[in-house]
Amino acid sequence: MGWTKVLAVDTLVSGSREVVKVGDRNILLLNHEGQFYAVDNACPHLRLPMKKGKITEDGAIVCPWHRGVFDLRTGEVKDWSPWPPVVGKALGAISQQKALPVFPVRVEEGSIWVDVE
């Protein structure tokens, strides 16, 4: 698919986030302290929306569903908490750590572009 213009820069003010459709993917765009990030809006564990995930001071997003923590720059797992304690160890033991897909972002001519290949 390549680079796709997804949003005007001035619509994504610092601290905000927006989900945009690029091809068959829902991409979560974030403006964290003036830096733009694009990640898959689906948690890699349960495929549930990441939009309401907390952003940490060190630039990570916390899955609102299973509390896994992913680096916004690389998508790498920083902490893996796949199940709430009430669900039990059995389900946690069968879950695999998976990185959150991230996508390159560029700003050009007042627009945010995302590269989804």
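Only the coordinates and a few stated rules stand behind these numbers; no lab work does. This one's a predicted model, so the numbers in the text were calculated from it and none came from an experiment. All Cβ positions, even for glycine, are placed from backbone atoms using ideal geometry, and neighbour counts span all protein chains on display.
Taking a sphere under 13 Å around the Cβ of Val9 and counting the other residues whose Cβ falls inside, with K and R at +1 and D and E at -1, yields a net charge of -2.
Its Cα centre serving as origin, the chain has a Cβ charge dipole (Lys and Arg +1, Asp and Glu -1) of approximately 560 debye. Kirkwood-type hydrodynamic radius, the chain: 14.7 Å, calculated from all non-identical alpha-carbon pairs. Length gained on full extension, Lys78 to Val19, computed as 0.36 nm times the residue gap minus the Cα-Cα distance: 18.9 nm.
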